[in-house]
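Asker: Sharing a structure with you now.
The values are calculated or read from the model by the stated rules, or taken from the named source; none is laboratory data. Predicted, not measured: the structure shown is a model, and the values here were computed from it. Reconstructed Cβ throughout: ideal geometry from the backbone, glycine too, with neighbour counts over all protein chains shown. Remember, those area values only see protein heavy atoms, side chains included, never the ligands or the DNA or RNA. Shrake-Rupley method; radii C 1.70, N 1.55, O 1.52, S 1.80 Å.
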Amino acid sequence: MKPIQFLKNKFRKSRKASWNKAYDAPINRKAEKAYENLVAQNPDYKCSAAQTKKITEYSKEVLGSSAFAPWLKVYTAYQGEFKEGWMPDNYFGRVVCPKINGEFRRLGDLKTLSKRILQTDTIPDLAYYINRVWTSVEGEILVKSNLTNFFFSEREYVFLKKNYSLQGNGIIKLNRESFENLDFQKLGDFVIQEPIQQADWFDQIVTGSVATLRITTVKLIGEKAKNRVSQLRVGRISNEYIKTKDCLRIPIDRQTGTFYPRAFGSDFTIFEKHPDTGYSFEGKILPEHEKAVRLCEKLHDQVGMFQIIGWDVAINQKNEIQIMEWNTDHPGVVFSEMATGPHFQGLGWENLLV
């Protein structure tokens, strides 16, 4: 190898290592805080020296770096034993998703294209604002002066979702007055969506926001899509819509739709009942879970360029399934992996880091 090529390769390797370190740092800080909070709630969650050693060895020898150990430590702490096949959040986001979903993995973040790509009436889009032009879902140009009546003649409010909005950020609830006074040109491209009224059953848990079922489907090359993870997210009593930072996650048995007996706050606080309503999670079965899974698997089969998709779905008052969002970039898996995982064994994803 020529000296100049050697230096170039060394520089690229150094730059890649620096990027990896920068990517891992904030994710692993969250893992360290999660571990600390678990131990603070129950000292029995503390990992033993032998478990910590096993986690570190597995991270290095199987996943390729000790940087993937912190989330494995969180999972081990909660379940009381180490299990091979667990998916650390930074390994999943940095290695797995880019490899299996490729260059189109941010496509799901384009809210203005979701309905057009997926070709489903289950997405509650009403209109789009793209390049400062209002269009219908069919692509027809709309006159802004007519939009107020179009949106609010039969509705009290609508939701605005910006492209690339994540975790409840970039969402604005609009009534007639706030819609007329909003400066849309400062927001970029966005979609206006119909509000969803959740099925009455979910009001037993909490009212105010719409409960969101996260279904994570995996579609291996040449195979049908299959659900790997189900998890319900519910808000606090003061929430108007689900926000990642303060919602509760309830893992669900993907075969039966049965609730896990515990829910988790964003800081990994454990709840056996909803803190605002006293609703007990144990033994409850999610209505229409199977119907929601079948829809997500069917839609995933239509977009086979993605191997993994996280679907956020709601169940309305007519017991219909509605797709709220789809995540093709980095679907969250840590709470389900910790509580009921590992969920991605046997897929060969531990071998993706070359």
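Asker: Please express the shape of region 187-294 as an equivalent ellipsoid: the semi-axes are the square roots of 5 times the eigenvalues of the C-alpha gyration tensor, given largest first in whole angstrom.
Answerer: 23, 20, 14
Asker: Here is a follow-up. Take residue 103 and residue 29, extend 7 Å from each Cα along the Cα→Cβ direction, and tell me the distance between the two endpoints in nm.
Answerer: Between residue 103 and residue 29, the simple spin-label model gives 3.3 nm.
Asker: Which of the listed residues, 247, 266, 216, is farthest toward the dipole's positive end in region 208-299, when Lys, Arg count +1 and Asp, Glu count -1 at the beta-carbon?
Answerer: 216
Asker: Longer than 26 Å from Cα to Cα, which of 16/243; 173/226; 60/83; 245/291 are they? Say none if no pair is.
Answerer: With Cα atoms farther than 26 Å apart: 16/243; 173/226; 245/291.
Asker: Another question, then. With only Lys, Arg, Asp and Glu charged, each at its Cβ (+1 for the first two, -1 for the last two), find how big the charge dipole of region 48-114 is about the Cα centre; round to the nearest 20 debye.
Answerer: Around 120 debye, computed over region 48-114.
Asker: Report the longest stretch of the chain that contains none of the trypsin sites (Lys or Arg not before Pro) sitting in a DSSP loop with at most 16 other Cβ atoms within 10 Å.
Answerer: It works out to 246-317.
Asker: Further question on the same structure: Based solely on its DSSP helices, what 222 nm [θ] is calculated for the chain when runs of n ≥ 4 H residues each add -39,500 (n - 2.57) and the sum is averaged over all residues, nearest 500 deg cm²/dmol?
Answerer: -9000 deg cm²/dmol
Asker: So what's the Cα pair-distance distribution over region 123-233, bin width 5 Å, in %?
Answerer: Answer for region 123-233: a P(r) of 2, 10, 17, 20, 16, 13, 11, 8, 3, 1, 0 percent.
Asker: In square nanometres, what is one fourth of the surface area of the convex hull spanned by the alpha carbons of region 76-171?
Answerer: Computing the convex hull of the Cα atoms and averaging its projections yields 9.9 nm².
Asker: Can you compute the charge dipole magnitude of region 103-204 about its Cα centre, using +1 on each Lys and Arg Cβ and -1 on each Asp and Glu Cβ, nothing else charged? Give it in debye, rounded to the nearest 20.
Answerer: 460 debye
Asker: What ranking of 87, 324, 305 comes out by heavy-atom accessible area, probe 1.4 Å, highest first?
Answerer: Ranked from most to least accessible, the order is 305, 324, 87.
Asker: If you average 1/r over all unlike Cα pairs in region 172-238 and invert the result, what Kirkwood radius do you get in angstrom?
Answerer: About 15.6 Å for region 172-238.
Asker: While we're looking at this one, here's another question. Please compute the contact order of the chain in relative form: average sequence separation of alpha-carbon pairs under 8 Å and at least six residues apart, divided by the residue count, as a percent.
Answerer: This gives 19 percent for the chain.
Asker: Over region 166-325, what relative contact order in percent results from Cα pairs under 8 Å that are six or more residues apart?
Answerer: 24 percent
Asker: A further question follows. Take every Cα pair under 8 Å in region 55-171 that's 6+ residues apart, average their separations, divide by the length, and report that relative contact order as a whole percent.
Answerer: It comes to 14 percent, rounded to a whole number.
Asker: Hey, for a label at residue 223 modelled as a point 7 Å past Cα toward Cβ, could you say which residues of region 297-332 have their backbone N under 18 Å away?
Answerer: 297-310
Asker: Can you give me the orientation-averaged projected area of the convex hull built on the Cα atoms of region 151-206, in nm²?
Answerer: Quarter of the Cα hull surface area: 4.9 nm².
Asker: Could I ask something else about it? Among 338, 70, 277, whose Cα sits farthest toward the positive end of the charge dipole of the chain (+1 at Cβ of Lys/Arg, -1 at Cβ of Asp/Glu, about the Cα centre)?
Answerer: 70
Asker: To the nearest 20 debye, what charge dipole does the chain have about its Cα centre, counting +1 at the Cβ of each Lys and Arg and -1 at the Cβ of each Asp and Glu?
Answerer: The calculated dipole for the chain is roughly 1800 debye.
Asker: Using a 1.4 Å probe on the protein heavy atoms only, what accessible surface does residue 333 show? Give it in Å² to the nearest 10.
Answerer: 10 Å²
Asker: Arrange the residues 57, 297, 223 by how much accessible surface each exposes, largest first, with a 1.4 angstrom probe.
Answerer: From most accessible down to least: 223, 57, 297.
Asker: Here is a follow-up. Please give the direction-averaged projected area of the C-alpha convex hull for region 206-354, in square nanometres with one decimal.
Answerer: 9.3 nm²
Asker: Same structure, new question: Among rounded, prolate and oblate, which fits the chain when a ≥ b ≥ c are the square roots of the eigenvalues of its C-alpha gyration tensor, a/c under 1.5 means rounded, and a/b larger than b/c means prolate?
Answerer: oblate
Asker: Now for a different question. Once you order the gyration tensor axes a ≥ b ≥ c over the Cα atoms, which shape class does region 126-179 get: rounded for a/c under 1.5, otherwise prolate or oblate by comparing a/b with b/c?
Answerer: Here region 126-179 falls in the oblate category.
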